Structures are given as C-alpha cells and as structure tokens.
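One structure is given here, and the rest of the page talks about it.
Where a number appears in this text, it was derived from the coordinates with a stated rule and is not lab data. In this text, all values refer to a predicted model and were calculated from it rather than measured experimentally. Cβ coordinates were reconstructed from backbone atoms using ideal geometry, including for glycine residues, and neighbour counts include every protein chain displayed.
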Amino acid sequence: MDIDFVITWVDGNDKEWQQARAEYEVPANSDAGGNRYRDWDNLQYWFRGVERFAPWVRKIHFVTWGHIPHWLNTSHPKLRIVRHEDYIPAEYLPTFSSHPIELNLHRIEGLAEHFVYFNDDRFIIRPISPSILFRDGLPCDFAGLRVIYPLDLFSQIEFNNIRVINNHFSKKEVIRRHRGKWLTPRYLLHHSDPLLRTLLLLPWKHFTGLIDKHIPVAYKKSTFEEVWREAGEVLHETCGHRFRSGGDVSQWVFRYWRICKGEFYPLTQSQGKNYKVSSNLKRNQRAYRAITEQKHPMICVNDELSDPSLFAGIKEELNRCFARVLPDKSSYEKS
C-alpha cells in the first residue's frame, strides 16, 4: 500500500505574506492570532523524524503559500512542493485560514489514496510502521463520544462539524451497525476515555460531539471526495472565508464522517499524544521530557503561549530537545 504524507506550513515571518495578509480586513468572530502563524524554527526536525522513523513513506507533499525554508532540499525525489494555487480552486484564494487549505487536500495532484495529514507542530519521534496508521486498507482510529459546548471560536467550529454529521447520520443507527468499533475493549489498551465517555453518552438521541485526536491523522482521499459530494455546500461556504470563522467547519468533519460509516480500524496501540507549550514554564517540562524520552511514536506540540516575551526562550529549549533525538541532518536538508 502506498502511503503519502501531507504537511502544511506557513512562515509568519515572510514579509510578502504579511503584506498580502494585511490587504484584507479580519472580520469579527474570526481567528487571526499571531500564534496561528508563529514560526518555531523546528521544521527540519519534522523531516529528520520522517527520514529516520518512517522511511517507507512514498511521497511528501509540502503545502505552502509560496515560501520555502532556505535549508530545504527541493530536489529530493520524495518531496513535492505544493503551492496553494496548485490545488485550491481560485475562487477561494488567497486564504489565510487553515480550513480551505485542509478541506481541499484531496485535490493535490498525484496524492495517494492513503495519506497522513500533519500540521507543522506534529512530529514523529520514534520508529513507526504503516500498521500504526492503516490496517486492512482502513485508517487506524477510535470512536468516542463527548459533549461540545459552543462557547468560543474553536468549539463553535467543532459544533458545526457535528451538525453536519447529525444532518447525515443517525447516531442510534451508526452505533448499532458498528457497535464493535464503538464499544471495543481494545481502547482500554491505551486510553479508557473513549469507551467510558461513550457509554455515559449513549442515551442521548443525537451526536453531542466526538473525541478528537490532536496528532497526525490518517485519511483516505476518497473520504474527502465523498463528503464534498454529500455536504459540499457547507464546505464551499467555509472555503470562502479568508480567515478562520465561527461559521466554519474543519478537516475533522472528514474524520467524523468516516467514523460514522465505520470506515476505520479500531486502534490497538497508542499513536501519540498532544502537549501544550504555554507561559506555564513548569508545565512545559512535560513536553520536553516526552520528546527527549521518546515517550510516544508521534507528538503534537501545540502553541498556547500568551506571553510573547517568553517565546525565544521556550523555542530554544524545545528545539534543544528535538536536537537531542534528531541531531543529524536528513537528506531533505541541503548539505
């Protein structure tokens, strides 16, 4: 089975990008915070992790507004540079929101049917095999219920995703058909929450939310194509927003869709974990230790730093940890 990786990247320090972004007014109820575009200068460790720990990948599709890291070896045979205009329909451009970028990934020319989507804050820090991502041609995943309270922008977007799902699926019928994938004891091998929360929320008539996994996500291209056919109107509306908006849906809607169709293989092992770096310096130590001790196959280091004065110091410490695990240049870097 051919498996591709897709990674999206924005260089918030690019002056041309900043100028292009400044030409558009940010609407109310939009998210255009600086931490959405902040560059932690550690993308090279993503490529080192791929080469060392997932050498079996067929292609890497590097999605960019147009900027390219000065150190990147663009002639690498496995690397394909994909600019927004190469695959996103012109009517949605320019965009400064991750949602149109993600919702149109299936349009990337030459993308394999089976691919893994990475944000640039999600890394491979331990050897992984394809079987941790796909089994029997299906993405490895878990089905778990939760409750969404649409109180802020991000929970509003999550609520919009669930509304699409409730418009197209019956919760009772979904769980009846795929009971073995919702109530499997396999989840207890690495995480009890999906199973316990699902049991507690079974009596509710509609989906109240699905548990997300903030790590790289395995997808089938055909799932994107199906959701565009069946729910294209709401995807089209989201893609028309240049900045993240409370009226958006996100790429999670594709994951929720395939879960409701039962088109996934129940997880038998942990794929990774999400950590946050913030102004709480003591808590940041958890992320640092997770990297240096290689606690998980994959890791997300989410930027929740509210005090910009701490950025330089935290970035230095974080990248020092990555360098301890991945000290050597990869062939994706210029010599």
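Taking square-rooted eigenvalues a ≥ b ≥ c of the alpha carbon gyration tensor, is the chain rounded, prolate or oblate, where a/c under 1.5 means rounded and, failing that, a/b exceeding b/c means prolate?
rounded
Once you have the alpha carbon radius of gyration of region 130-190, what is it after dividing by 2.2 N^0.38 Å, with N set to its residue count?
Working it through for region 130-190, the quotient is 1.36.
In Å and on Cα atoms, what radius of gyration and Dmax does region 292-335 show?
Rg and Dmax of region 292-335, Cα atoms, are 13.0, 36 Å.
Apply the Karplus curve 6.51 cos²θ - 1.76 cosθ + 1.60, θ = phi - 60°, to the phi angles in region 126-142 and return the couplings in whole Hz, x for Gly and Pro.
So the J values, rounded to whole Hz, are 7, x, 10, 10, x, 5, 7, 10, 9, 9, 6, x, 10, x, 7, 6, 9.
Specify which residue in the list SER270, VAL253, GLN44 is farthest towards the positive end of the charge dipole of the chain, using unit charges on the beta carbon of Lys, Arg (+1) and Asp, Glu (-1), about the Cα centre.
Result: SER270.
Going by a ≥ b ≥ c, the root eigenvalues of the Cα gyration tensor, does region 220-297 fall in the rounded group (a/c under 1.5), the prolate group (a/b larger than b/c) or the oblate group?
oblate
Go ahead and collect, in residue order, the members of region 204-241 whose backbone nitrogen is under 19 Å from a label point 7 Å along the Cα-Cβ direction of ARG176.
204-208
Hey, can you grab everything whose amide H is under 5 Å from the amide H of ILE125? Only 5+ residues off in sequence or another chain; H modelled, so Pro and N-termini drop out.
Amide H neighbours of ILE125: MET298, ILE299.
Within the set of other residues whose C-beta is less than 12 Å from the C-beta of LYS329, count the net charge using Lys and Arg as +1 and Asp and Glu as -1.
Local charge sum for LYS329: 0.
Hey, which of these cross-link pairs are over 24 Å Cα-Cα: LYS282/LYS334; LYS205/LYS276; LYS181/LYS213?
From LYS282/LYS334; LYS205/LYS276; LYS181/LYS213, over 24 Å: LYS282/LYS334; LYS205/LYS276.
Just need the Rg to Rh number for region 147-289, please, alpha carbons only, Kirkwood Rh.
In region 147-289, Rg relative to Rh is 0.98.
Straight-line reach from LYS59: which lysines have Cα under 16 Å away, leaving out those fewer than 8 places along the same chain?
Correct list for LYS59: LYS78, LYS220, LYS221.
Just want the answer: with Cβ charges of +1 for Lys and Arg and -1 for Asp and Glu, which residue in TRP17, GLN156, TYR219 is farthest toward the dipole's positive end in the chain?
Towards the positive end, the residue furthest out is TYR219.
With +1 assigned to the C-beta of every Lys and Arg and -1 to the C-beta of every Asp and Glu, and no other charges, what is the dipole magnitude of the chain about the Cα centre in debye, to the nearest 20?
Around 1560 debye, computed over the chain.
Rounded, prolate or oblate: pick one for region 1-146, where a ≥ b ≥ c are the square roots of the eigenvalues of its C-alpha gyration tensor, a/c under 1.5 means rounded, and failing that, prolate if a/b is larger than b/c, else oblate.
prolate
Quick one: 3J(HN,Hα) in Hz for region 257-272, Karplus 6.51/-1.76/1.60 with θ = phi - 60°, rounded, Gly and Pro as x.
These are the phi-based 3J(HN,Hα) values: 4, 5, 5, 5, 8, x, 8, 7, 9, x, 4, 10, 8, 6, 8, x Hz.
Suppose each label sits 7 Å from its Cα in the direction of the beta carbon; what would the ASP328-LYS282 distance come out to in nanometres?
4.0 nm
Which aspartates and glutamates, if any, have their Cα less than 13 Å from the Cα of LYS273, not counting same-chain residues under 8 positions apart?
Straight-line reach from LYS273, under 13 Å: ASP121, ASP212.
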